[in-house]
Every structure is written in structure tokens, then in C-alpha cells.
Amino acid sequence: MSFGSGSMTNSISEIKDCKLIFLIGGNPTDAHPIIGLEMKKALKNGCTFIVADPRRIWFAQHARLYLPVIPGSDNWLLNAMAHVIIAEGLENKEFIKTRTEGFEELKEFVKDITPERAAEFTGIPAEDIRQAARLYATSEKSAIYYTLGITEHTCGTDNVRTIANLALLTGHIGKSSTGVNPIRGQNNVQGATDMCLPNKLPGYQDPSDPAVVEKFEKTWGVTLPKTPGDTASTMFERMYKNQFKAFYVIGEDPVISEPNQDYTIKGIKNLEFLVVQDIFMSETARYADVILPATSFAEKDGTFTNTERRVQRVRKAINPVGNTRPDWQITAELSTRMGYKMDYPSPKEIFDEIASLTPMLAGINYERIEHNGIQWPCPDTKHPGTKFLHEGKFPRGLGKFFVLPYRPPAESPDKEYPLLLTTGRTLYHYNAGTMTRRSEGIIHKTNDCFVEVNQADATELGIFDGEMISVITRRGQITARAEVSEKVKKGVIWIPMHFAESAANKLTKDAYDDVTQTAEYKVCSAKLEKIGT
Amino acid sequence: MVMISKIKVTIDGKTIEVDKGKTVLQAANAVGVRIPTLCHDPRLEPFAACRVCMVEIERGKSTALITSCNTEATDGMVIRTDSEKVLKTRKMILELILSDHPKDCMTCEKCGSCSLQNLAYEHGIRESQFFEEPDGGIVEDSNPVIQQDTSKCILCGRCVRICAEVQQDYAIDFKNRGFKTETGTPFGMPRRDTTCVLCGQCVSTCPVGSLVEKQAVGKGRGWDFRQVKTTCAYCGVGCTMYLNVKENQVVKVTSKPGSIPNDGNLCVKGRFGFDFIHHPERLKQPLIKKNGKFEEATWDEALNLVATKLGEIKAKYGPDHIGVMSSSRCTNEENYLAMKFARATIGTNNVDQCART
């Protein structure tokens, strides 16, 4: 990519010292509350906030500049900011010269992306775009924070690279309290990505590198498969086309979490054999041939890697509930029964094997992270871990500017479906709600699906606050309570993703980013109808 | 690098060097001298409400009592934390606080981990010499996680301040005057109708038993729990927290200031969202579908069936007709094994996890 690796470049402890935070497509007070607290600390310390989001979130209310961007048009905003930075000579010339490549191409490309043109697509006044670019470029320490509002688009990868362009233009990277920082949504999404990808070996090692392959083959005692692997979304596509026979799902509920639920279910029904390993009877598990009951995080040892690349201990607090077993034991036992012996006394030995095969984790072991976690890369046992990345050099050498023209979302509002539907998380629930909806304290605050509607749209449709209404897209329909306010931009509606009985993913579109195969959860067209009319 | 200049202070006869800008309390703590506190929380601005942290400093020929939590240490300062005057004053302050605090420690959730109880014990206070009239009581509130007993409140303001300074939610404040002063929501509204987000930060900082976890009431006290340090299983921040366990049950979740990366802070999900661990709907036994219905099976039956079926499908269609999907709910070790299972056991690169969703 732009730098050569994917993760948060800086650390949570640096947030409070930022001079400017550009928050785009993320709502930390709800989705990452403790990072939200660190940002509130920064706010108290006088940090300037620029917030780009279709919803007037907490930080939008406290921002110096709030940019209510139309979902799917972030590319225009970001490229126009690059235009302003270059046009007004605010770029960091020394940094561009010594640490980047491709500047001339970008300069040529953004020449025509004026804030005035961007204003048409983004719905943001040109002067605000100028102001945002100036503030970001001229502050002493600017950091960009984003989450799934940027990546869950068909142009998600483009968006991330366009953000990286801004950091490369201004040199706000490779230093404390700066950087390009995706906040990861789920507890161990960083670690899962580090370990488990179809096109990479652990630690993002290249399976086409003979030395890497040899190392794994020697340790594992097998020949590695050569056929390129499928991502989750291409696996579902093959299931739908009846070209896939068996699926082993560990701790996931794709029927709820994948876009376009009908399609996912049809695919799963086509399977000859489905094994689901989980702690609850999930929507996906209902279609399984065998269900293997796993333990929760409280019943097992191991490690999670947080959004700042910190490998931290998970510790067994209680014995497994009922006749359950930890996932690692189940997988190992299954493998042994299939003729490939996996024999680990405890997760500690598994981690040691990971460290021995993965250079970026080579210096980490359970003794070293007994008290506090260590941030990768950590190449040897004397290395203290890495607080922020890219000091002096990028993994790929020079940072690369990408020229990325706007690509419209796969589906845009039209006459029949005039509203733009976007989805997200609330503070009180988590993903498919499997865990939080079983917690009394949490359902006390919210336990039903709602749809945020702008006051003006509601008035036009005759919808009242609190009324139950239908939300309809080309793929399906759900019922939700209308929350009418000025929070969400006119023409946009927003639905939380947690509620199985009115699953937001009955509505979303199964269109994917062509690099990451991440689905476009953040944009599709929809309409609202009153019930019983 | 910003150079921090050093100053010299004398604490209990020992001269030490500390960073300029530190409070007397911080200076003392830095050299291991303990000054008792009630209203102090390192995450909050100094408040000097409880007066328990009084120390004596030399001022010309006489001495003065000052609150150490909000007084900056200055060069040459001579501080006594254990003089007779300090101890006598502190004892009187504690008696004043206790005059408005019930002595029902035997049924209090906080017994054993209550800062006020510990200080009373240390100073040998059985009774307050002052008129005693604790008022208030348990506040009616339908919320299932936070219980407040205003009779036990010592008005240290830690709950009010953590809500305002750290959370910036401003859901609670001081109200009324004099003996009737208490903390709470505006007009005593239920918490769910206020800006309260039920994070429970107020509970976590309360030094006495005034704010407690409602779900843990009656289920054990400090000494009953085994505290297991672990990492939160919700979002990607990875807060360090402690599962408080009694008899194989997780009773409550706590954290400690100084923890990385959360400094003792937790959100509503991390602190209160653990009911799922012991939920009756947990899957407890392997299940095999027979004629469209799930039937309980032993581990041997279930694992053998899966191994056989996957083996058959691999033999019939080839390994690339099989896929593995792992999860960010699982540990690194488990994700690694899922990946190894796909590549080494099955022989396919069809392995992914939920990072894209």
C-alpha cells in the first residue's frame, strides 16, 4: 500500500498530545469508548478537531470544523484537501523529497479537483474544505483517525490510500502523536488479520517467497498448498454457485454479519457439510450439521492483539462452562483425528511456535507480556516493541502517493429508493449482539432496532419520532423505530447492525472492494414507508 | 526533549529530589511515603475536599497544615506527614466524615476494600465524637447495574468529577446543601433518562460503599474474589481488566488506574457486559443434526463425525472445496491453529476471518 503495512501507525497513549485530530468515518465515543476518552483528554488539552461524518456525532458537536459528508463521497473531500495543500504551498517539501515518490503525478491529478467541484459531490461548502486542509497541514502534530466509515465501501482501499496521501504530503507520519490510524472494531481483529489470511502467511509473510515457504514446511512437516485461497466473500460466492462443499466456522455468525442475508443463507444451504464452533446457538449455527460448543474468553488462556498492535494476555478465570472446550483444543483435536497431529500442552507453546515463524513477533513470549503487552514489530527478546511506525523509513522504502479518481458506490439513491442507507455500531451493543444482548445492564439502555431519520425527510414522509416504520431496499425489508432528529444528514438514514430480528444486513448490498473484498456496508439506497398505509 | 527541572524537598526528615511541578502528595508517593487520601484519584484534577491528606509544612518559625493533594512542592520545602499535629487533625477529620456515615460495615458491599473503613481502623476510631445523623439511603433507579446509597456518600466528589472530567457526560452532580448535600442525577431522574451512559466509572472510583455494582450485591466482598487480569473481549482498544471470580462465577469486572492502555477506565460493555459468560443459553454439549433436529452428542462422536466428513469431502472433491473461517473473537493462538488447520491438515489456502465485516 502507501507505506507497506496495515495497522494503526501510532499508539493510544499518544492521542492526548495531538494538536489536531482529523476524525473521518469513525465514532469513537460509541464504538471505541476508551479511545474516545483519550480523545476527550486531547480536546481538554486544546486539540483541534475536524470531524467528517454524515452523522452529527459527539466529536462533531465539539469540533472546530464539522464536515457532514455524503456517504461514499470521501474521495472527493480527501483529494480536494490535497489540492488545497498543494495549491497553497502548504506541503512538507523536505519530507516529500526525501521520503516519498509519485508526488508529481498526484500534483497533476488533483490540480482539477477543486474544493468547488468537491462541494457538489460531498455536500460540504468549498470554504470548509479549504479550512480543513489548512488546519491539517499547518498544525504541529496532526493525526488522522478513521474506522469502517472509510473502509466499508467498494472504494475502501482507495479511501485509505487517499488518506495516506494527506499524511505523506504534510509529513504527519513517523512521529509521535501523528499518523494514519485505523481503529480496529473488534477485540482481536488485528491479531486475526496478523495470523489468518488466505493470501499471506502469519505476520504478512509472502507465500511466494521460497525461503518463507521452506521455513513453514520444515516446521510443520507438510507441503504448503499452492492454489490461491478464497476470501470469506469469494467462499460465499462459491457456495451460492454450488461450487463449495464444506465449511468450518469458528466464532463467527456470517448469516448476521455478511451483507445480503438471503444470498448468504442460500450459499450455506448448498453446502454438504457445515461445522459451527461457537458459544451460543447463532443464526449460522442453525444451518450446521455439527455444532461444537466453545468456551468464552473468561475460560481460556491466550493473547489478543489490540488496535495499536499490542499483544496482550487473556487469562483463564473460570473452568469451562458445561461440557465446553476452548477453540484451540477443539481445532487441535480435530486435526489430530484427521491424521495431522497437533499436540500442544497449552496456548503458550502455540505462541512460541508463532513467534518462531513470524519475524514481527519473534521477540514476544508469555514471560515478557506477563504484566504489560508489547507492540509489534518486536524482532528479538531485547527489543522493547514499537510505539509508532515509519520513523525514518517505510517498510516499502519510500512512501507512495496514489492517484485515485472518484468511483461512485455500487448503488446510489434514485427515484424509487431516494434515501442513502448507512449502518454502524452503538455504544451499548457489539456486532451481532450475541454477547451484549444477553447482558441486562446493556439492554436496559437500548434493545430494539431504530433508524435515524433527518427531521426534514421525516416531515416530508409524515413520519413521527418513535413510530415503527418499514425500511426497504432492493434486497429486503425490516421494521424499525424511527428516531427523528438533526443528527443524521438530510437524505441519509442510519441503522445499527446489532439486531437479528431486524438485521441491517437484510438490506445491505453484497458489493465489495476489489482489493480487500470488504463489503459496502456503508452505502446503499433505501426508502422508508409508514406501516399500515 | 523538554528538560524537567528538579527541586529538593525534605519529607519526614529525608531530603529528596523531585520534578518541579509535582504536588506534595506526588512527591511523597514518589519516595514511598504514604499519605492517606479519600477524594484523590490520579486520573482527576486535585479537589482537596476530604482534607485527609493534610500534612505539616514549615513556614518561617511556625508550621502550617496544608492539603498535600493540591499543593505544589517547592524548593526547600520541609514536610512532615506523621507529626502529632497531623495525626490529631487527621483523626478529627475522619471523625467528622464518620459523623455522617452509617456504621453498618457488616452488611456493606465495600467492607474490606473501603478506604474510609481502613482509615478508621488505622486510626483506631470506634465512634465519632460528633453528633451523628447519616441520612439518605438507597436511591430508587430501575437501571440494573449501578446502585447508589446516599447515606454512605462522603462527598468526595470523585463520581461527579470522573463523569465530568474523564467521561465528559455530566450526568451527575452535587445537589442540596449542608447535611442534605448528596450527589445524583438532575431531579433524581432515572439514569437511563439522563446523559448517563452506564459506564460505571462513578462506581469504580467511589472510595466507600455509596456506589456499587448492582449485579454484584450480596455476591461477595473484596476478600472473597480472585482477581484475574485479562484483556477485554469487546472492541479493538484492548482494555486491561480484572475478572472478579468467586466459586467459578465471574461476579464483577474492575480495572486499575495505570493499566495499559485504559488507565483503569472501562466502558459499559467492558464493565457490565459479561452476563453472557454464565448465560443459560450457552451451548454446553456438542450437537449433531439428525433428521433436521439437533441431538446432544459426546465430544468423541462429534469430533469423529467432523473428521470423517471433512476427510470424505477432501477425498471426493479435493481440499479446495473446503474452507475455514475464523474470528476476531478468538485468540491469536486459535487463529493461528485455524490457519494451520486449513493449510496443513486440509491442504487449502481457503482460510479467512471476519476482519472484512
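Read the figures in this text as sums done on the coordinates, not as results from a lab. The structure presented is a predicted model; accordingly, all values stated were derived computationally and were not measured. Positions of Cβ are backbone-derived with ideal geometry, glycine not excepted, and every protein chain shown enters the neighbour counts.
Using helices alone, I'd like the mean residue ellipticity at 222 nm for chain A: each DSSP H run of four-plus residues gives -39500 (n - 2.57), total over residue count, nearest 500.
Value at 222 nm, helices only: -8500 deg cm²/dmol.
How large is the charge dipole for the protein assembly as shown, taken about the Cα centre, if only the Cβ atoms of Lys, Arg (+1) and Asp, Glu (-1) carry charge, to the nearest 20 debye?
So the magnitude is around 1220 debye.
Once you keep just the Cα pairs under 8 angstrom separated by 6 or more residues, what percentage relative contact order results for the range A:189-375?
Numbers: 252 pairs, mean separation 31.3, N = 187.
Relative CO of the range A:189-375 lands at 17 percent.
Let me know the Rg and Dmax you get for the range B:10-97 when you use only its Cα atoms, in Å.
Rg then Dmax for the range B:10-97, in Å: 12.3, 36.
Counting other Cβ atoms within 10 Å of each Cβ, which GluC sites (Glu not before Pro) in the range B:119-218 have at most 14 and sit in a DSSP loop?
Values: sites: B:Glu122, B:Glu127, B:Glu132, B:Glu140, B:Glu165, B:Glu182, B:Glu213; in loops: B:Glu127, B:Glu132, B:Glu140.
Within the range B:119-218, the qualifying GluC sites (Glu not before Pro) (loop, at most 14 other Cβ atoms within 10 Å) are B:Glu127, B:Glu132, B:Glu140.
For an R0 of 51 angstrom, estimate the FRET efficiency from the Cβ-Cβ distance between B:Glu132 and A:Thr459 and round to the nearest 0.05.
Efficiency computed from Cβ-Cβ geometry: 0.30.
Please build a GNM for chain B, connecting alpha carbons under 10 Å apart, and tell me which residue among B:Met92, B:Met54, B:Met106 fluctuates the most.
B:Met106
Give me the orientation-averaged projected area of the Cα convex hull of the range B:287-356, in nm², one decimal.
Its Cα hull, projected and averaged over all orientations, spans 5.9 nm².
Quick one: if the Förster radius is 60 Å, what FRET efficiency do A:Glu272 and A:Lys44 give, using the C-beta to C-beta distance and rounding to 0.05?
For A:Glu272 and A:Lys44, the calculated efficiency is 0.55.
How are the C-alpha pair distances of the range A:93-151 spread across 10 Å bins, as whole percents from the shortest bin up?
Per 10 Å bin, starting at zero, the Cα-Cα P(r) for the range A:93-151 comes out as 17, 36, 44, 4 percent.
Need the list of lysines near A:Lys527 for cross-linking: C-alpha distance under 16 angstrom, and skip anything on the same chain fewer than eight residues off.
A:Lys415, A:Lys489, A:Lys490, A:Lys506, A:Lys509
For A:Ser296, which sequence-distant residues (separation of 5 or more, or a different chain) have an amide H within less than 5 Å of its own amide H, given hydrogens modelled in the peptide plane?
A:Val321
Amide H to amide H, which residues 5 or more places from B:Gly323 or on other chains are under 5 Å from it, using H placed in the peptide plane?
The answer is A:Ala246, A:Phe247, A:Tyr248.
Could you point to the residue in B:Thr231, B:Thr254, B:Val208 farthest towards the positive end of the range B:127-278's charge dipole, with +1 and -1 charges on the Cβ of Lys/Arg and Asp/Glu respectively?
Farthest towards the positive pole: B:Thr231.
Treating the Cα atoms of the range B:204-357 as identical point scatterers in vacuum, please give the log10 of the normalised Debye intensity I(q)/I(0) at q = 0.10, 0.17, 0.21 Å⁻¹, two decimals.
-0.58, -1.09, -1.33
Roughly how big is chain A's charge dipole about its Cα centre, with Cβ charges of +1 (Lys, Arg) and -1 (Asp, Glu), in debye to the nearest 20? List each step's numbers first, then the result.
Details: 63 positive and 67 negative charges, 164 e Å.
Dipole magnitude for chain A comes out near 780 debye.
What is the distance, in nm, between label points placed 7 Å from the Cα along the Cα-to-Cβ direction at A:Lys393 and at B:Thr15?
Spacing of the two 7 Å Cα→Cβ label points: 5.0 nm.
Can you give the FRET efficiency to the nearest 0.05 for B:Ser113 and B:Lys85, using r as the Cβ-Cβ distance and R₀ = 35 Å?
Approximately 0.75, to the nearest 0.05.
Could you pull out every whole DSSP H run in chain B that spans at least 18 Å of Cα extent along its own axis and averages -0.5 or higher on the Kyte-Doolittle scale?
B:84-98, B:299-317
With just the Cα atoms of the range A:12-183, tell me how far they stretch along each of the three principal axes, in Å, largest first.
Taking the Cα atoms of the range A:12-183, the three principal extents are 41, 34, 28 Å.
Could you tell me the relative contact order of the range B:127-278? Use alpha-carbon pairs under 8 Å, at least six residues apart, and round to a whole percent.
Contact order relative to length: 19 percent.
Which residue fluctuates the most in chain B, going by a Gaussian network model with Cα springs under 10 Å, if the choices are B:Asn244, B:Asn335, B:Asn70?
B:Asn335
Take peptides A:246-255, A:403-412 and line them up by average Cβ neighbours within 10 Å, highest first, as a rough protection proxy.
A:246-255, A:403-412
Which entries of A:Lys200/A:Lys348; A:Lys40/A:Lys393; B:Lys289/B:Lys316; A:Lys226/B:Lys316; A:Lys44/A:Lys393 have Cα-Cα distances beyond 27 Å here?
Listed pairs above 27 Å: A:Lys40/A:Lys393; A:Lys44/A:Lys393.
Please enumerate, by chain and number, the lysines with C-alpha under 17 Å from the C-alpha of B:Lys6, excluding those fewer than 8 residues away in the same chain.
Qualifying lysines at Cα under 17 Å: B:Lys14, B:Lys20, B:Lys22.
Restricting to Cα pairs below 8 Å that are 6+ residues apart, what does the relative contact order work out to for chain B? Please round to a whole percent. All intermediate terms of the calculation are to be shown ahead of the outcome.
Numbers: 586 pairs, mean separation 35.9, N = 357.
10 percent.
Can you run the Rg to Rh ratio on chain B? Use alpha carbon positions and the Kirkwood inverse-distance Rh.
On the way: Rg = 27.5 Å, Rh = 24.6 Å.
Over the Cα atoms of chain B, Rg/Rh equals 1.12.
Which whole-Hz couplings ³J(HN,Hα) result when phi for each residue of the range A:373-386 is put into the Karplus expression 6.51 cos²θ - 1.76 cosθ + 1.60, θ = phi - 60°, listed in order with x for Gly and Pro?
Running phi through 6.51 cos²θ - 1.76 cosθ + 1.60 with θ = phi - 60° gives x, 10, 8, 6, x, 9, x, 8, 6, 9, 6, x, x, 10 Hz.
Mind checking the range A:47-100 for trypsin sites (Lys or Arg not before Pro) that DSSP puts in a loop (not H, G, I, E or B) and that have at most 15 other Cβ atoms within 10 Å? Don't skip to the answer; put the middle values down first.
Numbers: sites: A:Arg55, A:Arg56, A:Arg64, A:Lys93, A:Lys97, A:Arg99; in loops: A:Arg56, A:Arg64.
In loop regions of the range A:47-100 (DSSP not H, G, I, E or B), the sparsely surrounded trypsin sites (Lys or Arg not before Pro) are A:Arg64.
Over all residues in B:299-309, what is the mean tally of Cβ atoms on other chains that come within 10 Å of each residue's Cβ?
Working: counts 8, 2, 1, 7, 9, 2, 5, 13, 7, 2, 8.
Per-residue shielding by partner chains comes out at 6.
Consider all pairwise Cα distances in chain A and report the whole-number % of them above 37 Å.
Here the tail beyond 37 Å accounts for 32 percent of pairs.
Tell me, what ³J(HN,Hα) does each residue in the range A:474-490 have, in order and in whole Hz, if you take phi through Karplus 6.51 cos²θ - 1.76 cosθ + 1.60 with θ = phi - 60° and put x for Gly and Pro?
5, 9, x, 9, 9, 10, 8, 7, 6, 10, 8, 6, 9, 5, 9, 5, 4
Can you give me the three principal axis dimensions of the range B:127-278 from its C-alpha atoms, in Å, biggest first?
Projected onto its principal axes, the Cα set of the range B:127-278 covers 46, 34, 30 Å.
Would you mind listing how long the protein assembly as shown runs along its three principal axes, going by Cα atoms, in whole Å with the largest first?
Result for the protein assembly as shown: principal-axis Cα extents of 91, 70, 67 Å.
Magnitude of the Cβ-charge dipole of chain B, K/R +1 and D/E -1, about the Cα centre, nearest 20 debye? Can you show the working numbers first?
Working: 48 positive and 43 negative charges, 128 e Å.
My answer is approximately 620 debye.
For the range A:419-530, what percent of Cα pairs sit more than 16 Å apart?
That tail contains 58 percent of the Cα-Cα pairs.
Are there any chymotrypsin sites (Phe, Trp or Tyr not before Pro) in the range A:422-498 that are in a DSSP loop and have at most 15 other Cβ atoms within 10 Å? List them by number.
Counting only loop positions with at most 15 other Cβ atoms within 10 Å, the chymotrypsin sites (Phe, Trp or Tyr not before Pro) in the range A:422-498 are A:Phe464.
With runs of 4+ DSSP H residues as the only contributors, calculate the mean residue ellipticity of chain B at 222 nm using -39,500 (n - 2.57) per run, divided by the residue total and rounded to the nearest 500.
-5500 deg cm²/dmol
Would you work out which of B:Gly124, B:Thr183, B:Cys196 lies farthest towards the positive end of the dipole of the range B:58-211? Charges go on Cβ: Lys and Arg +1, Asp and Glu -1.
About the Cα centre, the residue reaching furthest to the positive side is B:Gly124.
Can you run phi through the Karplus equation (6.51, -1.76, 1.60; θ = phi - 60°) for the range B:190-199 and list ³J(HN,Hα) in whole Hz, with x for Gly and Pro?
x, 4, 5, 8, 10, 6, 4, 9, 6, 6
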